[in-house]
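Here's the structure we're looking at; comments come further down.
The values are calculated or read from the model by the stated rules, or taken from the named source; none is laboratory data. As the structure is a prediction and not an experimental result, all values here were calculated from the model. Don't worry about glycine lacking a Cβ; one is built from the backbone with ideal geometry, like all the others, and counts go over all protein chains shown.
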Amino acid sequence: MRTRSSALVVAALTVVATLTGCGSDADLVIYSGRSEELVGPLIEDMEEQLDVTIDVRYGDSAELAAQLLEEGDATEADLFFSQDAGALSALAQEGRLSTLDEQVLAVVDDHYQDPEGRWVATSARARVVTYDPAQAPEATDFDSVDDLLDESYRGEIGFAPTNASFQSFVTALRITRGEDGARQWLEDFSALEPAAYDNNVAVLEAVDEGEISLGLINHYYWYQLQEELGAEAVNAKIHYLDSDDAGALVNVAGVGVLTSSEATGLAADAVEFLLSEEGQQYFADETAEYPVRAGIESTTYDLVPLDQVDGAQIDLNDLASLDETLELLDEVGLT
Amino acid sequence: MPAVAAALLALLPLGYLVVRAGDKGAGFAFDYLRRDSTSELVLRSLGLTVTVTVACVVLGVGLAVVTTRIVLPGRALWMTLAALPLAIPSYVSAYAWISALPSLAGFGGAALVLTACTYPYVYLPAAAALSRTDPALEEVARSLGRTPWQTFRTVTLRQIRPAVASGALLVALYVLSDFGAVSLMRFDAFTQVIYTSYRASFDRTPAAVLSLVLVVITIAITLGEVRSRGRAQQWRAGAGAARRPVPQALSRGRTLATLGGCVAVALVSLGVPLASLGYWIVRGASLDLDWSRLAGAGATTMVASGAGALGCVVLAVPVGVLAARYRSTGVRMIEQATFAGHALPGIVVALALIFFGTRYARPFYLEMPMVIAAYVVLFLPAAVGAVRASVALSSPRVEEVARSLGRSPYGVLRTVTLPLAAPGVAAGAALVMLTCMKELPATLLLHPTGSETLAIRLWSLTRVGSYADAAPYAAALVLLAALPTFWLSHASRQRHHTEELSP
């Protein structure tokens with residue numbers, strides 16, 4: 001019996017030893033709220049360019065932000081790559097992000113960075129209206145989200161209520177029209193019994209298959225669908241609303257360096273790489289997002305230039321006021 | 001001692017929650033609790049929990065009766081099919097339903113999906129109990145003039161009540177802690193609001209306050225279960241060999257109706273999710289699949305969930321044995337404590353372990369042991385329940401004999417109690433293992449950087465809308481989880497009482 005128990009102990013210790021590594025031994029650790037499918041290849045390029053090894057933890061931006069706040073100075077992370085500005089400004093407010101080098105930030109328009117330089121956008125996305133040209137050809141004349149509020153579109157508009165980009169649009173609506181104005185629009189919208197979908201892709205597919213005639217999505221889903229199926233195979237079209245409308249909000253994904261990082265030099269190089277011509281070209285060519293550096297044009301996608309749509313100029317740090325937005329959506333029953 | 005250690009580990013999240021909830025002072029916490037929306041939330045979540053639990057008890061006991069007590073064509077097949085929904089993660093099932101029927105969103109959809117995914121928690125113990133209860137008592141009741149229905153209600157149901165109650169408890173706690181189904185169905189339950197709170201305000205205090213409310217509800221529910229379990233003895237009293245119940249033959253019409261019912265349950269719980277998976281696999285057939293990556297994720301899933309199951313069982317044995325044999329206040333508190341983490345959403349348990357891990361267990365932080373610790377906190381009760389139930393089936397008289405023959409207490413545990421309870425304990429391990437495989441939120445926050453499980457991969461692909469790429473991972477997950485499920489449904493039919501020793 002004794003030999004058997006000691007054998008068990010040895011076996012248990014071996015298991016523990018194999019299961020326990022010694023933390024990350026990579027040169028740089030990135031917590032990425034952007035998915036591996038979107039940015040994985042870019043990070044491989046970065047490893048090659050900077051000649052370093054990089055470990056990436058993928059997750060949801062908000063959950064990673066909560067993890068970073070809980071880890072405090074004990075975090076392994078050097079860099080936080082976020083899907084939206086909200087998670088970055090939350091970390092910045094808690095003093096977890098260090099100020100970035102001004103020279104690095106100089107290539108990006110002031111609007112797409114934190115006024116205090118603690119985070120910077122790496123790419124941008126625009127809200128658009130997608131429509132089925134057979135059912136709603138008049139969508140090309142839309143100027144504002146108010147044009148959607150027509151009795152003829154009852155049950156015909158698709159949206160993704162739980163999607164962060166839709167919620168950012170509502171936040172922009174609150175900021176541009178005030179609480180009452182936003183509530184009015186949402187109540188009128190809700191009265192039309194819009195069809196709720198799980199995400200933007202589902203909305204776009206429903207429009208493409210003619211199930212519904214209109215949908216509220218981000219621009220790049222449409223470009224990606226075109227790339228995936230071929231331009232002729234996609235029936236749905238997209239329309240950019242007037243640039244001063246909340247329905248044409250331009251939101252960003254961005255990056256910040258953790259104050260606790262010991263590899264500050266490398267982290268700064270990584271940010272510089274993301275904003276470099278090569279990094280920016282990647283977003284334009286691969287994800288169909290808008291580059292934030294001037295002078296980069298997509299070689300794969302026929303994107304409407306960003307300077308023609310970036311009108312809904314709100315302070316992107318304000319997008320962190322998501323609490324009030326969710327409360328409002330809850331009140332009007334759009335959840 | 002090990003039992004106390006298990007209880008302390010399970011209480012870690014509670015300690016964390018108290019720290020976080022108090023971040024802004026007790027005043028903030030109480031004000032937050034007094035908001036109307038908080039009480040509404042409690043009612044909504046309890047409504048869903050009660051609905052699903054009742055539906056699972058009806059469905060689980062009904063199917064158990066049908067598959068153990070009635071002559072049914074293909075009975076063995078139905079027994080397996082009835083257990084198989086355990087292998088389907090609630091988020092896969094919810095996605096299948098919502099994409100087929102978008103109008104299902106809300107309370108009805110959440111209740112449907114959760115019932116379809118969790119009724120086996122009731123079905124398995126109920127079927128096991130029904131197939132091993134000696135029909136003698138029922139025959140006595142019939143001979144004394146009770147109708148079959150009265151006999152079922154007053155004798156049979158009473159005999160299987162502890163088994164059903166322990167299954168119902170797992171269902172209730174699962175519903176409280178589930179995130180996948182309620183979020184896809186857009187039903188604002190506790191977990192959904194807790195997640196939204198992290199996401200919307202990046203403020204951990206409201207989420208902690210709500211989680212504490214969830215813990216209080218959990219404790220109330222487990223106390224209720226303990227009461228309903230009562231003090232019934234389950235080992236057989238009296239001499240003579242136990243017989244197995246003989247299935248009853250039904251009329252042709254009733255047999256067909258019963259079969260129809262079984263088919264309907266199988267279609268809802270298995271047919272729809274599997275059809276949706278099949279659709280995406282066919283749609284994505286042309287895509288290149290990285291087989292080595294799929295295999296790697298599968299291997300990590302097996303290692304992590306296997307280790308999780310092992311950890312749970314090792315800690316559950318002392319607690320379960322104590323709970324089956326002694327009902328002192330101390331023991332009851334230890335057993336209660338192990339339930340503390342079970343109803344908490346995975347993200348809360350994960351953040352608690354991040355909090356403690358970064359401070360007191362740095363070498364293990366973001367390594368496999370952290371993931372295993374999370375599994376133990378989350379799923380220990382399922383293992384404790386299995387150990388307790390199987391130890392309770394063997395008569396303490398056997399242990400007393402062994403003691404009187406000179407075995408030490410530890411020797412009795414090792415050579416008598418555990419071998420007798422082994423099949424039940426192994427079934428508990430299988431149950432925990434398949435639950436670990438499906439776990440996502442805690443695994444996602446705690447997994448070693450660079451490793452990935454099937455559930456993580458599935459999540460990562462579906463969030464960018466690559467359902468066709470995700471389908472093979474979902475299929476692999478369902479297939480792997482089906483293995484312990486098969487075994488579980490097989491094992492639950494094999495369990496027997498120990499015979500009372502003849503004087």
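Scanning segment B:324-367 for residues that are more than 10 Å from chain A (Cβ to nearest Cβ), assigned to a loop (DSSP other than H, G, I, E, B) and in contact with a helix residue (DSSP H, G or I) (Cβ under 7 Å, 6 or more places away or on another chain) returns B:Phe339, B:Ala340, B:Gly341, B:His342, B:Ala343, B:Leu344, B:Pro345.
For every residue, the table says whether it meets (1) of a type in the set (D, E, K, R); (2) under 18 Å from the mean Cα position of the chain (by Cα); (3) crowded, with 18+ Cβ neighbours inside 10 Å; (4) within 14 Å of another protein chain (Cβ to nearest Cβ).
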site: B:Tyr95; (1), (2), (3), (4): no, no, yes, yes
site: B:Ala105; (1), (2), (3), (4): no, no, yes, yes
site: B:Gly109; (1), (2), (3), (4): no, no, yes, yes
site: B:Thr118; (1), (2), (3), (4): no, yes, yes, no
site: B:Ala129; (1), (2), (3), (4): no, yes, yes, no
site: B:Pro135; (1), (2), (3), (4): no, no, no, no
site: B:Arg146; (1), (2), (3), (4): yes, no, no, no
site: B:Trp149; (1), (2), (3), (4): no, no, no, no
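Among residues of segment B:188-214 that are more than 9 Å from chain A (Cβ to nearest Cβ), those with a Cβ under 8 angstrom from a residue that is basic (Lys, Arg) and assigned to a helix (DSSP H, G or I), sequence gap 6+ or separate chain, pair up as B:Ala189/B:Arg44; B:Thr205/B:Arg20; B:Thr205/B:Lys24; B:Ala208/B:Arg20. Screening the candidates B:Ser404, B:Ser408 for the property of being over 20 Å from B:Arg132 (Cβ atoms), more than 17 Å from the chain's Cα centre (by Cα), surrounded by fewer than 20 Cβ atoms within 10 Å (Cβ to Cβ) and within 14 Å of another protein chain (Cβ to nearest Cβ) yields one hit, B:Ser408. When the test is whether a residue is over 20 Å from the mean Cα position of the chain (by Cα), more than 29 Å from B:Thr196 (Cα to Cα) and outside any loop (DSSP other than H, G, I, E, B), A:Glu47 passes it. Scanning segment A:1-44 for residues that are closer than 23 Å to A:Ala288 by Cα, at pLDDT 90 or above and not in a helix (DSSP H, G or I) returns A:Ile30, A:Tyr31, A:Ser32, A:Gly33, A:Arg34. Of everything in segment B:307-323 that's within 20 Å of B:Leu446 (Cβ to Cβ) and in contact with a helix residue (DSSP H, G or I) (Cβ under 6 Å, 6 or more places away or on another chain), which residue is nearest to the other protein chains (Cβ to nearest Cβ)? If we take residues in segment B:307-323 being within 20 Å of B:Leu446 (Cβ to Cβ) and in contact with a helix residue (DSSP H, G or I) (Cβ under 6 Å, 6 or more places away or on another chain), then B:Ala307 is nearest to the other protein chains (Cβ to nearest Cβ). For segment A:166-223, the set of residues classified as more than 24 Å from the chain's Cα centre (by Cα) and among the hydrophobic types (A, V, I, L, M, F, W, C) consists of A:Trp185, A:Phe189, A:Ala191, A:Leu192, A:Ile212, listed by residue number. Identification of helices (runs of 4 or more DSSP H) wholly contained in segment A:50-112 with 1 or more residues that are under 18 Å from B:Pro441 (Cα atoms) and free of Cβ contacts under 8 Å to residues at least 40 places away in the same chain yields A:61-71. Would you be able to say whether some residue in segment A:126-135 is farther than 22 Å from B:Val182 by Cα, within 14 Å of chain B (Cβ to nearest Cβ) and not hydroxyl-bearing (Ser, Thr, Tyr)? Checking segment A:126-135: not a single residue is farther than 22 Å from B:Val182 by Cα, within 14 Å of chain B (Cβ to nearest Cβ) and not hydroxyl-bearing (Ser, Thr, Tyr). Of the candidates A:Asp150, A:Asp132, the single residue that is within 21 Å of A:Tyr220 (Cα to Cα) and either at pLDDT below 90 or over 20 Å from the mean Cα position of the chain (by Cα) (or both) is A:Asp132.
For segment B:223-231, the criterion of being under 22 Å from the mean Cα position of the chain (by Cα), within 24 Å of B:Ala83 (Cβ to Cβ) and at pLDDT 75 or above is satisfied by at least one residue. Only one of the listed residues (A:Ala66, A:Ala62, A:Ala87, A:Ala74) is touching a Gly at 6+ places or on another chain (Cβ under 7 Å), at the interface with chain B (Cβ under 8 Å from one of its Cβ atoms) and within 20 Å of B:Ala208 (Cβ to Cβ). That residue is A:Ala87. Among the candidates B:Ala427, B:Ala468, B:Ala481, the residue that is under 23 Å from B:Pro345 (Cβ atoms) and touching a residue at least 60 places away in the same chain (Cβ under 8 Å) is uniquely B:Ala481.
Checking the structure you have, find out if any residue of segment A:303-310 is part of a helix (DSSP H, G or I) and either within 14 Å of chain B (Cβ to nearest Cβ) or crowded, with 17+ Cβ neighbours inside 10 Å (or both). Looking for residues that are part of a helix (DSSP H, G or I) and either within 14 Å of chain B (Cβ to nearest Cβ) or crowded, with 17+ Cβ neighbours inside 10 Å (or both), one finds at least one in segment A:303-310, hence yes.
Of all residues in segment A:93-106, those that are surrounded by fewer than 22 Cβ atoms within 10 Å (Cβ to Cβ), farther than 11 Å from A:Val271 by Cβ and either of a type in the set (Asp, Glu) or under 21 Å from the mean Cα position of the chain (by Cα) (or both) total 3.
Among the residues of segment B:447-457, are any part of a helix (DSSP H, G or I), charged (D, E, K, R) and touching a Lys or Arg at 6+ places or on another chain (Cβ under 9 Å)? The answer is yes; a qualifying residue exists.
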